[in-house]
1. Just the residues that are over 17 Å from residue 29 (Cβ atoms) and in contact with a helix residue (DSSP H, G or I) (Cβ under 6 Å, 6 or more places away or on another chain), please, taken from the range 74-91.
2. When the residues of the range 45-54 are filtered to those that are in contact (Cβ under 8 Å) with a residue 24 or more places away in the chain and of a type outside the set (Ser, Thr, Tyr), which remaining residue is surrounded by the most Cβ atoms within 10 Å (Cβ to Cβ)?
3. Restricting attention to the range 83-98, which residues are closer than 16 Å to residue 42 by Cα and either surrounded by 19 or more Cβ atoms within 10 Å (Cβ to Cβ) or at pLDDT below 95 (or both)?
4. Can you tell me which residue within the range 1-51, out of those that are of a type in the set (Asp, Glu) and in a loop (DSSP other than H, G, I, E, B), is nearest to residue 64 (Cα to Cα)?
5. Inspect all residues belonging to the range 2-22 and state whether any of them is at pLDDT 85 or above, in contact with a Pro (Cβ under 9 Å, 6 or more places away or on another chain) and among the polar types (S, T, N, Q).
6. Could you check the range 55-70 and list, in sequence order, the residues that are surrounded by fewer than 16 Cβ atoms within 10 Å (Cβ to Cβ), outside any loop (DSSP other than H, G, I, E, B) and out of contact with any Gly (no Cβ under 8 Å at 6 or more places or on another chain)?
7. Of all residues in the range 99-117, which are of a type in the set (D, E, K, R), assigned to a strand (DSSP E or B) and exposed (fewer than 14 other Cβ atoms within 10 Å of the Cβ)?
Amino acid sequence: MNWHTITLDKNSNLDDVHAYIDVGPESPWFSGHFPEKPILPGFALLSMVFDSILLTTHKEFVPTGFKRIRFKQVIKPGDRLEIKAQKQKNAYEYSFTVHANGIHACKGTLMVDPFSKKC
């Protein structure tokens with residue numbers, strides 16, 4: 001099932017993530033939030049930020065937390081999202097901004113840890 005589509009900008013790199021995300025109206029993200037006026041849940045947006053970082057870095061991370069998250073704009077079905085994330089001095093933190101159709105929608109910091117497989 002297609003929840004969303006991520007397109008990486010050709011200039012994305014390990015330190016500067018730049019991605020575009022399309023979330024179609026048929027996406028399950030909108031199925032229960034809210035039936036008559038669907039909007040994208042905040043946790044879904046944060047998941048998309050994390051997915052964009054993973055695609056760009058090609059590393060195995062797990063999210064460990066968020067800091068200073070500010071949701072400023074409602075995201076509706078069909079909105080095109082632009083995500084920019086920059087690696088901070090701490091190698092496991094990314095500050096990010098999200099724009100929906102060119103309007104500032106969210107910002108904050110995502111913290112990650114390397115994923116290690118244990119037997």
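The values are calculated or read from the model by the stated rules, or taken from the named source; none is laboratory data. This structure is a prediction, so every number in the text was calculated from the model and none was measured. So basically every Cβ, Gly included, is an ideal-geometry build from the backbone, and we count neighbours across all protein chains shown.
1. From the range 74-91, those over 17 Å from residue 29 (Cβ atoms) are 82, 84-91; that's our starting set.
Scanning the range 74-91 gives a single hit, 85.
2. Residues of the range 45-54 in contact (Cβ under 8 Å) with a residue 24 or more places away in the chain: 45-46, 48-53.
Imposing the further condition that a residue be of a type outside the set (Ser, Thr, Tyr) reduces the set to 45-46, 48-51, 53.
Working: 45: 23, 46: 19, 48: 23, 49: 26, 50: 20, 51: 16, 53: 23.
Per the stated criteria, the residue is 49.
3. Listed by number, the residues that qualify are 83, 96, 98.
4. 15
5. Checked the range 2-22: no residue is at pLDDT 85 or above, in contact with a Pro (Cβ under 9 Å, 6 or more places away or on another chain) and among the polar types (S, T, N, Q).
6. Those that are surrounded by fewer than 16 Cβ atoms within 10 Å (Cβ to Cβ), outside any loop (DSSP other than H, G, I, E, B) and out of contact with any Gly (no Cβ under 8 Å at 6 or more places or on another chain): 55, 62, 63, 64, 65.
7. Taking the range 99-117 and keeping what is of a type in the set (D, E, K, R), we get 107, 113, 117.
Remaining after also requiring assigned to a strand (DSSP E or B): 107, 113.
Within the range 99-117, just 113 meets the criteria.
Every residue, every condition in (1) in contact with a Lys or Arg (Cβ under 7 Å, 6 or more places away or on another chain); (2) loosely packed, with under 15 Cβ neighbours inside 10 Å; (3) touching a residue at least 60 places away in the same chain (Cβ under 8 Å); (4) on the phi > 0 side of the Ramachandran plot, yes or no:
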residue	(1), (2), (3), (4)
19	no, no, yes, no
27	no, no, no, no
36	no, yes, no, no
43	no, yes, no, no
72	no, yes, no, no
